[in-house]
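See structure below.
The values are calculated or read from the model by the stated rules, or taken from the named source; none is laboratory data. Note that this is a predicted model, so its numbers are computed, not measured. Virtual Cβ from ideal backbone geometry, glycine too; neighbours counted across all protein chains shown.
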Amino acid sequence: NTKRFQDIIAHCKEYGFIFPSSEIYDGLSAVYDYGQFGAQLKKNIKDHWWRWMTQLHENIVGIDAAIFMHPTTWKASGHVDNFNDPMIDNKDSKKRYRVDTLIEDFAEQLVDEGKEAEAQQLLQQMNELLKLNDLAGLKKLIEQYKICCPVSGTCNWTEVRQFNLMFSTQLGSVNEEATEIYLRPETAQGIFVNFLNVQKTGRLKIPFGIAQIGKAFRNEIVARQFIFRMREFEQMEMQFFCRPGTELEWYAYWKEQRMQWHQSLGIPADKLRYHDHEKLAHYANAAVDIEYAFPMGYKEVEGIHSRTDYDLRRHQEFSGKKMQYFDPEINKSYIPYVVETSVGLDRTVLMVISEAYAEEEVPTAQEGKTDTRTVLRLAPHLAPIKLAVLPLVKKDGLPDIARKIMHDCMPAFHCFYEEKDTIGRRYRRQDAIGTPFCVTVDYQTKEDETVTIRYRDTMQQERIPIRAIRDKVRQAIQ
Ligand code: ATP
């Protein structure tokens, strides 16, 4: 399915969804810009998540913490010491690989050759070594299986080294006392350090949640697969604070809730699955990923973790500030337990586009002939443009009527006006960006104040009065 994936990437660029960053300078690896339609699609997904979390749950509030944080935050969170990926360099090609990706790719080859048992064994060994952080053992494993560099074809490797994924920069000018700080690799810590501020000012009672959407940065070694793995990306995270002992119930609740949310984006249930973690972090007592069947296979979109009181306890330790909550119901103080839901916004965009993208054969005006149309079958509430208003011709007052329709609808939802090209071509362009409705203003409109409305998915058309357009679209996008 690499072809389908390549087609999707090309489509995103051609139709103004996603461009390589600074493309005129040949781009920047694993960094992307969202164009006019991509930005709107992304915003619609973001708004949907925000509403779902903070409006439809009475005990969840949203915050917006800064990207820069006090450097001690990352010592407390464990990122300075543990946010590492083991990597290895090939001495001939000078290419750097993440050890797990190198081994996983090799295991995939084994599977292709029919050696499934061997692949399983290799992955199992790798996971053990990763868990023990046994770098020498990983190198031995690579040698034992004679895993070579896909570029040079040689097995001339350096030692396995740890590579911290955090980007650092200087706070303050170089002449002054500059402090090294990090660009946050996740948004969650902004929530943990504000736990007491929010709880006290909001007079929140446990259980309650804090939600946040924001940028995160990771210096990913192997950056590939388009917006699936980026160096600058966005996360939508929610930390749910609960009484110790109740966390597994809440974990089950959120697991279910989050699966429902993904389906509310128009993703069919049979393309989503849970993947339980084989290796739990030492502080977690349950962890699961929600995976989607991307064109390149099932991959993680969201992680749900029961993190015990690890994060708050660590911040209490490092800051010397009490992170406790007094629970009036049981008359006791404790550090709350946390269930976290963490979804990548860009990965969600990629999932939604991958699911929506379709190429299909459709009949043409010429008898017996067909044509291929590319359509994004986006859920109407996510589509960047909801309604395109198209005058049949550029004269005889039709553009004026069309403009009037558009101005009436604009306050309610995003509209698009276009008068160039044949109607057929204009429909196709709207299909390609996922616009669920097009209305065409023609000569009959002047007589009876009706237009032709055309539905993206069925391509069916019918006549409706101008005054019915706005409500019809509004209903469909709710
Ligand atoms: P992966 O194993 O794919 O690197 P992860 O387990 O490190 O991901 P988490 O730290 O749990 O990811 O982050 C939560 C979510 O953030 C992920 O499910 C994913 O959707 C998103 N995410 C993480 N890293 C990236 C990235 N480099 N680019 C885009 N999204 C990302």
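Got at least one residue in the range 107-129 being touching a residue at least 40 places away in the same chain (Cβ under 8 Å) and buried (at least 16 other Cβ atoms within 10 Å of the Cβ)?
First, pick out the residues of the range 107-129 that are touching a residue at least 40 places away in the same chain (Cβ under 8 Å): 127.
Applying the additional criterion that residues be buried (at least 16 other Cβ atoms within 10 Å of the Cβ) yields none.
Scanning the range 107-129 turns up no residue that is touching a residue at least 40 places away in the same chain (Cβ under 8 Å) and buried (at least 16 other Cβ atoms within 10 Å of the Cβ).
Residue pairs whose Cβ atoms lie under 8 Å apart, separated by 6 or more positions or on different chains, with the first residue in the range 319-336 and acidic (Asp, Glu) and the second assigned to a loop (DSSP other than H, G, I, E, B), are ASP327/ILE206; ASP327/ARG243. Only residues that are within 21 Å of GLU234 (Cα to Cα) and of a type in the set (S, T, N, Q) were counted in the range 280-308, giving 0.
Restricting attention to the range 288-310 and to residues that are modelled with pLDDT of 95 or more and of a type in the set (A, V, I, L, M, F, W, C), the residue that is nearest to the ligand (Cβ to nearest atom) turns out to be VAL301. Within the set ILE181, ILE213, the sole residue that is among the β-branched types (Val, Ile, Thr) and farther than 18 Å from GLY78 by Cα turns out to be ILE213. Scanning the range 1-34 for residues that are exposed (fewer than 12 other Cβ atoms within 10 Å of the Cβ) and charged (D, E, K, R) turns up LYS3, GLU14, ASP26. Considering only strands (runs of 3 or more DSSP E) fully contained in the range 189-287, which possess at least 2 residues that are surrounded by fewer than 18 Cβ atoms within 10 Å (Cβ to Cβ) and away from the ligand (no atom under 11 Å from the Cβ)? Per the criteria, 272-276. Exactly one residue out of SER152, SER173 is assigned by TED's automatic domain parsing to the domain that holds PHE106, part of a loop (DSSP other than H, G, I, E, B) and more than 12 Å from the ligand (Cβ to nearest atom), and it is SER152. Scanning the range 278-287 turns up no residue that is out of contact with any Leu (no Cβ under 8 Å at 6 or more places or on another chain) and under 15 Å from GLY344 (Cβ atoms).
Among the strands (runs of 3 or more DSSP E) lying completely within the range 332-377, list those that include at least 3 residues that are within 16 Å of the ligand (Cβ to nearest atom) and among the hydrophobic types (A, V, I, L, M, F, W, C). First the steps, then the outcome.
Working: elements: 332-334, 337-344, 357-363, 370-376.
Passing ranges, in order: 337-344.
Scan VAL151, VAL160 and give me the residue that is touching a Leu at 6+ places or on another chain (Cβ under 6 Å), touching a residue at least 40 places away in the same chain (Cβ under 8 Å) and at negative phi. From the options VAL151, VAL160, the qualifying one is VAL160.
Please state which one of LEU130, LEU122 is within 16 Å of the ligand (Cβ to nearest atom), assigned to a helix (DSSP H, G or I) and not hydroxyl-bearing (Ser, Thr, Tyr).
Matching residue, one of LEU130, LEU122: LEU130.
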